[in-house]
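Laboratory data are not the source of any read-out in this text; all were calculated from the coordinates shown. If you're wondering where the values come from, they're calculated on a predicted model, not measured in any experiment. For neighbour counting, all protein chains shown are included, and Cβ atoms are generated from backbone atoms with ideal geometry for every residue, glycine included.
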Amino acid sequence: MKKIAKVILAVATVALLASCGGGKKQSKAALEAAANGDYSQLKVFNDPKTGKPYDFGGITVTLWDWWSNPNAEPNTKEEVDRKNYRQYLMDTYNFKCIESDLGAGWGGYPEKVLTICATGDKSVGYSVFRLDGRPALKGYTNGYYADLSKTPDIDWKDPKWNQPVLNTMKNGKSFYCFNYGASEPKNCLFFNKRILEENGFDRDLPYDLQKEGKWTWEKFEEILAALTKDTNADGIIDQWGMASFNTEFAWAAIASNGANVVVGKDKDGKFFLDMSDAEKEAWQWIQDMFTKYNKPQGDGNWDYWRPAFVNGEVGFMANQEYDAQPNGNFKDMKDDFGMVSFPTGPKSNGKPFTFCQDYMFVIPSFYSQEEIDAIMKIMDFWSDPVPGYDDPDAWKEGYYAGFRDERAVDETLQYFHDNALPFYAWLIPDFNYAPLAWNICGGADVSTTLEEKKNELQAALDKINK
């Protein structure tokens, strides 16, 4: 299996100058030395306000979450190198950064973060909070998070920043969260190569169609129809085209037709319920696909679709990329499988995609602007790629072991890396939108279902839009 270029090759391809974030440039020679643990040749960067090297006065910034152990020892060479490089940064620019558990557990974390931000509780010191979707919008709509666009001397176009996250809580030019590194891939479509081949298709056909820009709803249905059949002529379908998680299939299908997954955001930063023609068309198609080609649950568990795919009973499965993680859900699968983006609908722009549902980092707004600037600049240094691990394709390294071919990583995951779409619905508090997929995939009338849920869903949006 192909691997990402080795450390020295990665450094050698940086060209004469390499970016380290925020417009910070280092020479090739300095990066080569740093990759071998010698940081003495690295350029020290000046604060434009003073014209002297950044000096943060020895302040400590804590990155809070609900799991990190600040005393954890590194286990790999990469972790050792990261620790050493960050120690160099802390020594050079006179700051300390700690990653630590807030002590509230997963369940209590959102409320504790919101309480700290609402009350201006500075007993936590200078803090950056890692958020999932649960507390994000409550804090955003209440003004609890700092506007990061006001912080100077940050190159937000640097490829290290996760652009989909920067756009998650954004209003005009102002934005309120950040993350660094590649976005985690989410929704996708897995396919069984043996079943395709046994039914007259090339085993890599979905890859080829995706690459040629021809991976469409129409082509997908053509394949599903060929795979769904009565193999023993008893009048009962016993081979199905797919077995998919209804919600994950539905969300991807809606986005694949150019619509928002239930919720969109307008130019003023307000959330709206998407009842567009593209949305309704997608829901009707979703129901059609489930009725005709999806293996029924029968007496199986709610997640019957996964063993159906793993055991080679169906040709396709829609879910999320994590199924293919090394030693994960597919580790014992006998058949070879591939992974592509969801096929595109008639109102799509034709680009393969996944969703962005990554963690978000926020800085409380109760600090002064000077304090916010210092915290964010420290994070700019902290998030810089470690010399020797700055290959732009380094994010692919951990994915190869989970797949049976390289195309899943080099093609599909690259598409995902380049086009992770916003997914606002998961951020809305008390937004009970999953029943739309459950009911419509189960055969409920599309128009009636949407109309019955409309007022309830709109009420949740009205609360967050106040």
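Packing here is the average count of other Cβ atoms within 10 Å per residue, and on that basis the peptides 117-126, 89-98, highest first, run 89-98, 117-126. Model label points for Lys270 and Glu197, set 7 angstrom from Cα along the Cα-to-Cβ axis, are 5.6 nm apart.
Loop-resident trypsin sites (Lys or Arg not before Pro) (DSSP state other than H, G, I, E or B) in the stretch 176-281 with no more than 16 further Cβ atoms inside 10 Å of their Cβ: Lys214, Lys267, Lys270. Neighbour counts of other Cβ atoms within 10 Å put Arg306, Arg82 in the fewest-to-most order Arg82, Arg306. Applying a DSSP loop filter and a limit of 13 other Cβ atoms within 10 Å to the GluC sites (Glu not before Pro) in the stretch 393-425 leaves Glu406.
Rounded to the nearest whole Hz, the Karplus-based 3J(HN,Hα) values (6.51 cos²θ - 1.76 cosθ + 1.60, θ = phi - 60°) of the stretch 357-372 follow the sequence 9, 7, 4, 10, 9, 10, 10, x, 7, 6, 6, 5, 4, 4, 5, 4, with x at glycine and proline. Using the structure shown, select from Lys138/Lys270; Lys83/Lys112; Lys280/Lys347; Lys211/Lys295; Lys214/Lys347; Lys170/Lys265 the pairs with a Cα to Cα distance greater than 19 angstrom. Lys83/Lys112; Lys211/Lys295, as the Cα separations exceed 19 Å there. Using C-alpha pairs under 8 Å with a sequence gap of at least 6, the mean separation divided by the residue count of the chain gives a relative contact order of 23 percent. Mind pulling the angle between the C-alpha long axis of helix 446-465 and the longest principal axis of the chain? Nearest 10 degrees, somewhere in 0 to 90. Orientation of helix 446-465: about 10 degrees from the principal axis. Among 52-58, 24-30, sorting by the average number of other beta carbon atoms lying within 10 angstrom of each residue, highest first, gives 24-30, 52-58. At R0 = 22 Å, how high is the FRET efficiency between Val80 and Glu397 if r is their beta carbon distance? Nearest 0.05 is fine. So the FRET efficiency works out to roughly 0.85. Residue by residue, the stretch 133-148 carries 3J(HN,Hα) couplings of x, 5, x, 4, 6, 4, x, 4, 6, 9, x, 7, 10, 6, 7, 6 Hz when phi is fed to the Karplus relation 6.51 cos²θ - 1.76 cosθ + 1.60 (θ = phi - 60°); x denotes Gly or Pro.
Residues whose amide H falls under 5 Å from that of Phe272, counting only those 5 or more places apart or on a different chain, are Gly264, Lys265, Asp266, with hydrogens built in the peptide plane. Stretching the chain fully between Asn36 and Glu218 yields a gain of 60.2 nm (0.36 nm per residue, less the alpha carbon separation).
Exposure proxy shown here: for Tyr85, Tyr180, the number of other Cβ atoms within 10 Å sets the order, fewest to most, as Tyr180, Tyr85. Identify which of the listed values of mean projected area of the Cα convex hull in nm² was calculated from the structure shown: (i) 41.6; (ii) 38.4; (iii) 24.0. Looking at mean projected area of the Cα convex hull in nm² for this model, the match is (iii).
Residues in the stretch 262-270 carry Karplus couplings, in order, of 6, 10, x, 10, 8, 5, 9, x, 8 Hz; the curve used is 6.51 cos²θ - 1.76 cosθ + 1.60 with θ = phi - 60°, and Gly or Pro positions show x.
In vacuo Debye scattering of the stretch 302-424, one point per C-alpha: log10 I(q)/I(0) at q = 0.11, 0.19, 0.20 Å⁻¹? The Debye formula, applied to the Cα set alone, gives -0.57, -1.16, -1.22. Where only DSSP H runs of four or more residues are counted, the chain gives -10500 deg cm²/dmol as its mean residue ellipticity at 222 nm, each run worth -39500 (n - 2.57).
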